[in-house]
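Encoded as structure tokens, here's the structure I'll be asking about.
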Amino acid sequence: MSVEKKLKGKFKPKQSGTAKDFALYLIGNGYSFSYKENEKTGDITIDINFEYDALFEDAKQAFDSMEEKNKPQMSIFEEEN
């Protein structure tokens, strides 16, 4: 008997710096991935195949952390309109 499990992650960054940061993270950790940018909308999708759930969880945690880091923050010195 042979059993194979494939786990695919599809990441869609919302923050502008996340795509680059995440791609560098993936390259640095030896992942193969596909990077697609929709010509009309500019939306980016990064697809990755994982062998183990733990690897997916690690990548998801890194992605979520990068999204949070790249979220624009209002300065305390900015005036609200």
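So what is the relative contact order for the chain, in percent, with contacts set as C-alpha pairs under 8 Å and at least six apart?
Dividing the mean separation by the residue count of the chain yields 39 percent.
Still on this structure, please answer the following. At 222 nm, what helix-only mean residue ellipticity would the chain give, in deg cm²/dmol to the nearest 500, using -39500 (n - 2.57) for each DSSP H run of four or more? Can you show the working numbers first?
On the way: 2 runs with 28 residues, N = 81.
My calculation for the chain gives -11000 deg cm²/dmol from helical runs alone.
While we're looking at this one, here's another question. How many times 2.2 N^0.38 Å is the alpha carbon radius of gyration of the chain?
Rounded to two decimals, the normalised Rg is 1.37.
Tell me, what % of the accessible area of the chain is carbon and sulfur with a 1.4 angstrom probe? Please list the in-between numbers first.
On the way: 3210 of 6700 Å².
Heavy-atom surface of the chain belonging to carbon and sulfur, 1.4 Å probe: 48 percent.
Here's another thing I want to ask about it. Between S16 and S65, what is 0.36 nm times their sequence separation minus the Cα-Cα distance? Round to one decimal in nm.
Once the chain is fully extended between S16 and S65, it gains 16.3 nm.
For the peptides 66-73, 34-41, what is the packing order when you average, over each peptide's residues, the other Cβ atoms within 10 Å and list the highest mean first?
Put in order of decreasing packing, that is 66-73, 34-41.
Among M1, F50, L24, which residue has its Cα furthest toward the positive end of the charge dipole of the chain, with +1 on Lys/Arg Cβ and -1 on Asp/Glu Cβ?
Of the candidates, M1 comes out farthest on the positive side.
Considering only lysines 8 or more places apart in sequence, or on different chains, count the pairs in the chain whose C-alpha atoms sit under 19 Å apart.
25
Give me the extension gain from N38 to F56: residue separation times 0.36 nm, minus the current Cα-Cα distance, reported in nm with one decimal. Working shown, then result.
Details: separation 18, 0.36 × 18 = 6.48 nm, distance 2.41 nm.
The N38-F56 span can extend by a further 4.1 nm.
The values are calculated or read from the model by the stated rules, or taken from the named source; none is laboratory data. The structure displayed is predicted, hence computed values, not measured ones. Reconstructed Cβ throughout: ideal geometry from the backbone, glycine too, with neighbour counts over all protein chains shown. When the accessible area is computed, the model is the full protein with side chains, heavy atoms only, and any ligands, DNA or RNA have been set aside. Shrake-Rupley method; radii C 1.70, N 1.55, O 1.52, S 1.80 Å.
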